[in-house]
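Read-outs: derived from the displayed coordinates by stated rules, not from any lab. What you are looking at is a predicted structure, and each value in this text was computed from that prediction instead of being measured.
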Amino acid sequence: MPRRYPEEFRRKVLDLVAAGRPVAQVAADLGISAQTTRCPEPAIRARPGAADVP
């Protein structure tokens, strides 16, 4: 069963990736897998003015 992260944690991940930080770096800094970090990518890409996600 997938782990459920608190809303504030998920928001932090989204904000860091949207700001242009590499997905792998965000994952390493937060102690989660890069795959977990990639799950919300479509939501990030849909944001107006969001940086390109590597």
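Explain nothing, just compute: Karplus ³J(HN,Hα) = 6.51 cos²θ - 1.76 cosθ + 1.60, θ = phi - 60°, for every residue of the range 4-14 in order, whole Hz, x for Gly and Pro.
Listing the rounded values in order: 9, 9, x, 3, 5, 5, 4, 5, 4, 4, 4 Hz.
Spelling out what I want: for every residue of the range 24-31, take phi, set θ = phi - 60°, compute 6.51 cos²θ - 1.76 cosθ + 1.60 (Karplus), and round to whole Hz; glycine and proline get x.
Values, residue by residue: 4, 5, 4, 4, 4, 4, 9, x Hz.
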